[in-house]
Amino acid sequence: MDKMEDVDFSGVAYLQRKETWTTARGFANRADERPNAVDTRFGIASGSKLFTAVAVCQLVEAGKLDFNDKLSELLPQDFSHVDVTIHQLLTHTSGIPDYFDEQVMDDFEELWKKQPMYLMETASDFIPLFKDQPMMFQPGERFRYNNAGFIALGLVIEQVTGKEFAEVIEQQIFTPAKMQSSGYFRLDRLPRQTALGYIEEDGMWRTNQYAIPIRGGADGGAYVTANDMANFWNCLMEGVLVTKEMLQTMLQVHASGKDGDYGYGLWIQCRGDGVLKYHVTGYDPGVSFHSAFYPADSSILTVLSNKDTGTYEINGTIEEMRMEKE
């Protein structure tokens with residue numbers, strides 16, 4: 001694909017329709033020139049917010065949570081003053097302060113100069129970064145993408161289940177969805193067949209080892225393969241992870257902002273009277289990711305990269321090619 005050459009794409013593109021097409025390009029490890037492969041694991045940054053949303057919906061179905069439950073009652077020790085609901089956290093309409101506000105901050109790496117990234121291992125490690133900051137707006141007033149809101153959801157999941165967040169996702173989502181290669185891996189303990197994230201600087205490359213938290217969590221940072229994402233979408237849409245009734249709740253448009261419509265943990269793009277795609281994206285230093293499910297033909301497109309550029313262009317090119325064939 002010429003576009004991959006144009007943007008110097010490094011990663012994997014995967015399209016599942018009646019048949020599956022996939023390709024890999026670039027290096028998972030530049031120093032050793034280890035190439036990316038179709039089964040390479042990549043970080044997906046905020047793309048993993050959808051896993052958090054599914055876990056919350058599972059707890060609601062089990063009667064252990066309600067979408068109207070309030071953070072102030074669920075976690076009074078840290079958030080007694082934060083009168084927002086689970087629904088508002090899931091839909092980025094809570095207004096709680098964000099530790100990284102993407103609308104006004106553009107350098108995620110800058111955060112870790114005062115707060116070392118190697119200390120950020122669990123959801124509770126993020127609490128001091130935002131809990132005492134002022135609310136951004138009244139709960140429910142509007143949509144504003146919020147990372148801390150999903151950190152709070154991760155804390156709720158841990159409180160309700162009595163288990164560590166990553167353990168819940170691995171047991172409740174990765175295992176039933178046959179995502180055998182996926183996980184929340186530490187940057188200093190990455191398993192084999194995992195791509196290192198790379199940041200371009202002054203014509204040279206460095207890894208993102210000091211640019212993102214040492215371990216991902218409820219607001220982002222899982223590692224997946226392209227095939228695992230296809231398994232996830234198929235299991236989600238087939239009612240394996242949540243019931244079909246709960247799935248419809250997740251896929252409703254609950255909020256809208258300048259970047260589009262949002263359900264529970266995913267973006268929704270409409271076309272005409274129907275839905276063109278349900279999709280998730282993720283961007284961190286050394287990471288970019290797009291993955292979508294197209295309900296018209298149940299196709300799945302995932303583009304993963306160990307650079308923070310390229311996936312948007314490749315995703316768009318494949319979508320155009322896909323539509324030309326319809």
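All of the numbers you see were taken from the coordinates with simple rules; none came from a lab. Fair warning: this is a prediction, and the values are worked out from it, not measured in the lab. Cβ sites come from the backbone with ideal geometry, for glycine too, and all protein chains shown count toward neighbours.
Overview of values
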quantity: Of Tyr184, Tyr312, Tyr14, the one that fluctuates the most in a GNM where the chain has Cα springs shorter than 10 Å; calculated: Tyr312
quantity: Mean residue ellipticity (222 nm) of the chain, computed from DSSP H runs ≥ 4 via -39,500 (n - 2.57), nearest 500; calculated: -7000 deg cm²/dmol
quantity: Vicinal HN-Hα couplings computed from phi for the stretch 73-81 (Karplus, 6.51 cos²θ - 1.76 cosθ + 1.60; Hz; Gly/Pro x); calculated: 8, 6, 10, x, 5, 10, 10, 4, 9
quantity: Spatially proximal lysines relative to Lys3 (Cα-Cα < 19 Å; intrachain offsets below 8 disregarded); calculated: Lys307, Lys325
quantity: Full-extension gain in nm, Arg186 to Lys18, via 0.36 nm per residue minus C-alpha separation; calculated: 56.9 nm
quantity: Linear extension gain, Glu61 paired with Asp39, 0.36 nm per residue minus alpha-carbon span; calculated: 4.6 nm
quantity: Approximate shape of the chain as ellipsoid semi-axes (Cα gyration tensor, √5λ), whole Å, largest first; calculated: 29, 24, 18
quantity: Sum of side-chain charges, Pro97 neighbourhood, beta-carbon under 10 Å (Lys, Arg +1; Asp, Glu -1); calculated: -2
quantity: Average Cα contact separation per residue, the chain, under 8 Å, 6 or more apart, as relative contact order %; calculated: 26
quantity: Cα lying deepest toward the dipole's positive end in the chain, options Met246, Ser288, Ile314, charges on Cβ; calculated: Met246
quantity: Exposure proxy ranking, count of Cβ atoms within 10 Å, fewest first, for Lys163, Lys114; calculated: Lys114, Lys163
quantity: Placed amide H near Ser299: partners under 5 Å, 5+ positions off or other chain; calculated: Tyr294
